[in-house]
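The values are calculated or read from the model by the stated rules, or taken from the named source; none is laboratory data. Please read all numbers here as calculations on a predicted model, not as lab measurements. Every residue, glycine as well, gets a Cβ built from its backbone with ideal geometry; the counts of neighbours run over all protein chains shown.
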Amino acid sequence: MKNFDVHNNINPFLIQGALILVDDEIYQVVGMNLESILISNDILGEKSISNKEWKPIKLTENWLKKFDIQENLKIRNVSTNLDWIIKSTYGGMFYLTKYNDPSFGENPVIGLKYVHEFQAWIYRLTKKNKRISEI
């Protein structure tokens, strides 16, 4: 998994390996340029789509489990050696925040509504592609 060059891709919010919905099927982003997104599905194969042909997958507790992540699990930022955690609101929304350390003052809160956003942030923090056991 890697970030695409934002100057050479159609959608700066998608990273290689991101899971998205196309025609109600789950696909993985495998490539991108200024005109199209290359996606792949083990059953349906590869195809090229426009940026308007996909839908995001809502991030749920079930999706976190598929990535072997749970609420309040520390995730180490390999660049800064600071820990981050994923929390949820009572409404079922998820967010990423620095591990509670009062020396940093207000902790930044990053909303995570979709699976591809979660994947992008986990990659930014860990520089690793978090694989799932089953889709």
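Annotations
- The one condition from (1) surrounded by 13 or more Cβ atoms within 10 Å (Cβ to Cβ); (2) outside the structural domain of Glu117 (by TED's automatic domain parsing); (3) touching a Ser or Thr at 6+ places or on another chain (Cβ under 8 Å) that Asn11 does not meet is (3).
- Test: residue in segment 18-41 that is of a type outside the set (A, V, I, L, M, F, W, C) and under 26 Å from Val109 (Cβ atoms): no
- Selection within segment 29-43 - in a loop (DSSP other than H, G, I, E, B) and surrounded by 13 or more Cβ atoms within 10 Å (Cβ to Cβ): Asn33, Ser36
- For segment 50-76, residues that are assigned to a loop (DSSP other than H, G, I, E, B), under 15 Å from the mean Cα position of the chain (by Cα) and more than 30 Å from Leu34 (Cα to Cα) total 4.
- Only a single item in (1) surrounded by 13 or more Cβ atoms within 10 Å (Cβ to Cβ); (2) basic (Lys, Arg); (3) outside any strand (DSSP E or B) is not met by Lys47, and it is number (3).
- Qualifying residues in segment 66-115 (those that are on the phi > 0 side of the Ramachandran plot and exposed (fewer than 11 other Cβ atoms within 10 Å of the Cβ)) - the one modelled with the lowest pLDDT: Gly105
Residue by residue, here is whether (1) farther than 27 Å from Tyr27 by Cα; (2) not hydroxyl-bearing (Ser, Thr, Tyr) holds:
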{"position": "Ser48", "(1), (2)": "no, no"}
{"position": "Leu59", "(1), (2)": "no, yes"}
{"position": "Thr89", "(1), (2)": "yes, no"}
{"position": "Phe94", "(1), (2)": "no, yes"}
{"position": "Tyr99", "(1), (2)": "yes, no"}
{"position": "Tyr123", "(1), (2)": "no, no"}
